[in-house]
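To start, the structure under review is shown below, and the notes come after it.
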Amino acid sequence: MEDETKRPHQKSVGFFLQSNAESDSTSRTCHAQAMLKIINYGDDEKSFSRRISHLFFHKENDWGFSNFMAWSEVTDPEKGFIEDDKADAPDEVAWDSKKQTGYVGLKNHRATCYINSLLQTFFFTNQLRKAVYMMQTEGGDSSKSLTKSFGWEILDSFMQHDAQQLCGVLLDNVEKKVKGTCVEGKMVSYIQHKEVDYRSDRREDYYDIQLSIEGKKNIFESFVDYMAEEQKLGNMAHRKQRKVKFLTSPPVLHLQLMRFMYDPQTNQNIKINDRCEFPKQLPFDEFLKKTDPKDPANYILHAVLVHSRDNHGRHYVVYLNPKGDGKWCKFDDDVVSRCTKKEVIEHNYGGHDDNLSVPHCTNAYVLAYIRESKLIGGTTLRREKDQGSEGSPSLYASAGSLRGPVLWPPGK
């Protein structure tokens, strides 16, 4: 709280809220709503307060009022704002995620932000959530059985891992334990021998698609590159070409943007912060070998998992549209806040800052799209009758509901 701020004919108290003032990071953002308050010692109901709402980032890390309250009001002993020649303001920051957004976050237990972001993504993908609840575990009173069912040892949960690797592990193990989930698609790889009249093909399932983004303007260019013919050189692979085609696309499409490349000189993975745009709506028919006019493969953006990395370490958050109604939320471990579509999409393309000409080290890393024809209301997927196990509530919104996902357990 500043001592004084001059104003024509009247002194005023200035009051500002500063976000993470000690950090030099250029990637951190925080959207906050706060109440700035000067306490009235005589009667708390007479305390003076004003509210703010602001997106804090490295260029604007403080916000408030230069003329918060008249200096004469604060210093008048009869008003009750002064005690022992001091005025006081609460310095506690409390954020009730459920009150502000209707959702709750997950605590970070020693570098588990990558797990938290993926679990939130899976939870708000209704059919995936149901598949997890259907998995057989050794007991329901410990997270150990859950992590084991995902294929992870207990110590792996508390180490900083790559979110893309974990996503692959989770999707693969969920599909193995609960057949026919919403993430499986089919593709075919063709290998054409140039020296002989022979072509081989291999059909396989896929649960996600890994797209190269280096030098690509958008993910459409990444798809073209992924499917394009490539010349194979070497002894056994001499004069061969490979081409990929998608036979089917799943109800939920996971795209992994390959932002890390191995650098042999440093023997480390370096991050690629190139700008790569992605759409809110993704038409996928042009990438399919055969299309269905009655069921076009049009996808709606559901989740954007973001990776941040600078000199201060790395961090994961996820932006989700829980109800499919265009109202986005940022899930940052145990803090959940509302955000704009621009914050979700345009702010996570990557690239360079227009003013500072430095790479954006905060950018999209995993994208989740839901097929439009599989939506009933919100992010509910069309499926057989939605019914939880006996004695438990439904794990989905009902077929005629527009409320989106049903939180588990209800009332908490």
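The values are calculated or read from the model by the stated rules, or taken from the named source; none is laboratory data. All of these numbers come straight from a predicted model, not from anything done at the bench. Neighbour counts run over all protein chains shown; Cβ positions are idealised from the backbone, glycine included. These accessible areas exclude ligands, DNA and RNA; they are computed on the full protein's heavy atoms, side chains included. Shrake-Rupley method; radii C 1.70, N 1.55, O 1.52, S 1.80 Å.
Odds and ends about this structure:
- Wholly within the range 214-324, strands (runs of 3 or more DSSP E) carrying at least 3 residues that are modelled with pLDDT of 85 or more: 240-248, 252-258, 281-283, 298-310, 313-320
- Residue match in the range 75-86 (condition: of a type in the set (Phe, Trp, Tyr) and more than 12 Å from PHE15 (Cβ to Cβ)): yes
- The range 348-365 - residue that is outside any loop (DSSP other than H, G, I, E, B) and open to solvent by 10 Å² or more (accessible area, probe 1.4 Å) and, of those, modelled with the lowest pLDDT: PRO359
- Within the range 119-143, residues that are surrounded by fewer than 18 Cβ atoms within 10 Å (Cβ to Cβ) sit with their Cβ atoms under 8 Å from residues that are at pLDDT below 75 and among the basic types (Lys, Arg), at 6+ positions apart or across chains, in these pairs: MET135/LYS177; GLN136/LYS177; THR137/LYS148; GLU138/LYS148.
- Options SER66, SER72; residue that is exposed (fewer than 14 other Cβ atoms within 10 Å of the Cβ), farther than 22 Å from SER19 by Cβ and in contact (Cβ under 8 Å) with a residue 60 or more places away in the chain: SER72
- Here SER25 meets the list (1) assigned to a loop (DSSP other than H, G, I, E, B); (2) open to solvent by less than 50 Å² (accessible area, probe 1.4 Å); (3) at pLDDT 85 or above almost entirely, failing just condition (3).
- Every test in (1) surrounded by fewer than 15 Cβ atoms within 10 Å (Cβ to Cβ); (2) at pLDDT below 75 is passed by HIS31 save one, and that test is (1).
- Residue check for VAL93: open to solvent by 40 Å² or more (accessible area, probe 1.4 Å), modelled with pLDDT of 90 or more and of a type outside the set (Lys, Arg): no
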